[in-house]
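What follows is calculated from the coordinates using simple rules that are stated; it is not laboratory data. Since the structure is predicted, the reported quantities are computational estimates derived from the model, not experimental observations. Neighbour counts are summed over all protein chains in view; Cβ atoms, including those assigned to glycine, are modelled from backbone coordinates with ideal geometry.
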Amino acid sequence: MPARKSPVPQIKDIDQYEALRRKGYSKEKSVRIANSEGAEYRGGKAKKYEGRTKQDIYNEAKKVGIEGRSKMTKAELIHALRTN
């Protein structure tokens with residue numbers, strides 16, 4: 001008789017999976033992120049927003065599509081980017 005397939009998904013990066021679960025991500029989302037191609041190379045390389053110029057932050061907000069950015073202060077732009 002052939003071995004039964006485990007109902008638990010295979011996880012490629014168990015450390016990342018566990019970190020995501022501790023942050024409150026669902027099991028499904030954690031597995032999807034931990035198993036995504038190139039996941040081990042992403043994250044943690046961006047400078048802190050406070051160390052950037054307002055223009056840099058504005059350009060980032062523009063890329064993301066934050067509305068009303070032209071009237072926002074640097075602090076408001078940072079808040080909008082973090083909560084987007």
Simple label model, 7 Å out from Cα along Cβ direction - Lys23 to Ala75, nm
2.6
Could you derive backbone 3J(HN,Hα) for the stretch 58-71 from the dihedral phi with the Karplus parameters 6.51, -1.76 and 1.60 (θ = phi - 60°), listing whole Hz in sequence and x where the residue is Gly or Pro?
4, 4, 5, 5, 5, 4, 7, x, 6, 7, x, 5, 5, 9
Estimated vicinal HN-Hα couplings, Hz - the stretch 16-29 in sequence order (Karplus 6.51, -1.76, 1.60; Gly, Pro = x):
5, 4, 5, 5, 5, 5, 5, 6, x, 5, 5, 4, 4, 5
HN-Hα couplings for the stretch 72-84 via Karplus (6.51, -1.76, 1.60; θ = phi - 60°), in whole Hz with x for Gly/Pro, come out as 8, 7, 4, 4, 5, 4, 4, 4, 4, 5, 6, 9, 6
What nm value, rounded to one decimal, do you get for the distance between Lys63 and Ile14 when each label is placed 7 Å out toward the C-beta?
3.5
